[in-house]
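See below for the structure under consideration.
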Amino acid sequence: MGHVEPGGATEDAAPPRLKLRLSAAEILADSRLWTLWRELIALYPAWRSLLESMRPFGLFQSENQMFRFDVIQGLRAMGVSRRVLIQLETVDDAMLDGVIALGEVNVRRQEHFFRSVILAYVTVPLTVGAIWAQLSPDGIAAFMAGEGAQPAAAGGIAGLATIVAVRFVADWRARAFLSLLQMARIERNAAR
């Protein structure tokens, strides 16, 4: 039998097993940084950030920057952005740096997903279609003349367009959120 360490553990006791699959709650449970990240994301919901960024009824108001060079004032003025910035006022510098780093990782991941979707759902089908058209032009004509082919093709194109649009919006939101976090850091440094 091995030597007993203080606290009752033995030297030759088996190390604890690493759990390979963790739920999101288990991953994020013990970290203040991840708790803050979840709180900030909850303050920046997709539907509100999209609606507030577009503000169709205010496109021509002077504070709306959609058609101007300066687009950060519009981002800063959005209600969802103000809520995030208010939450960040109570956060120390190290935590703010951590949230910004998470935002940067999130942007890189979103960009990766967006590129993968474009490759998988747009480039590959267009390439296959182009090769098919080159190898068998009559085959495409016969397929499109078939009953139900045109609605199926239109549905497929609409589905692909929807997936691309959803990924584009996710990429746009991740970048806007990171810009907001970076603005909080800039404003904090400028106030010193």
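The values are calculated or read from the model by the stated rules, or taken from the named source; none is laboratory data. As the structure is a computational prediction, the values presented were derived from the model and not from experiment. Here the Cβ positions follow ideal geometry from the backbone for every residue, glycine too, while neighbour counts run over all protein chains shown. Accessible surface is based on the protein model in full, side chains and every heavy atom, while ligands, DNA and RNA are left aside. Shrake-Rupley method; radii C 1.70, N 1.55, O 1.52, S 1.80 Å.
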Taking the condition hydrophobic (A, V, I, L, M, F, W, C) and open to solvent by less than 90 Å² (accessible area, probe 1.4 Å), does Leu178 pass? yes
Filtering the stretch 73-83 down to residues that are assigned to a helix (DSSP H, G or I) and open to solvent by less than 30 Å² (accessible area, probe 1.4 Å) yields Gly74, Leu75, Gly79, Val80, Ser81
Taking the stretch 143-166 and keeping residues open to solvent by 50 Å² or more (accessible area, probe 1.4 Å) and not hydrophobic (A, V, I, L, M, F, W, C) leaves Glu147, Gln150, Pro151, Thr162
Among the residues of the stretch 2-15, are any at pLDDT below 90, farther than 16 Å from Leu178 by Cβ, within 22 Å of the chain's Cα centre (by Cα) and not β-branched (Val, Ile, Thr)? no
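Would you mind finding the one in Thr127, Thr90 that is of a type in the set (Val, Ile, Thr), under 30 Å from Gln182 (Cα atoms) and open to solvent by 50 Å² or more (accessible area, probe 1.4 Å)?
Within the list Thr127, Thr90, the selection yields Thr90.
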Exactly one of Ile140, Ile118 is among the aliphatic types (A, V, I, L, M), open to solvent by less than 60 Å² (accessible area, probe 1.4 Å), out of contact with any strand residue (DSSP E or B) (no Cβ under 6 Å at 6 or more places or on another chain) and touching a residue at least 40 places away in the same chain (Cβ under 8 Å), and that one is Ile118
Discussion item. On the basis of being without any contact (Cβ under 8 Å) to a residue 24 or more places away in the chain and hydrophobic (A, V, I, L, M, F, W, C), does Ile100 make the cut?
Written reply: no
Of the residues in the stretch 102-115 that are closer than 9 Å to Asp171 by Cα and of a type in the set (A, V, I, L, M, F, W, C), the one that is surrounded by the fewest Cβ atoms within 10 Å (Cβ to Cβ) is Phe113
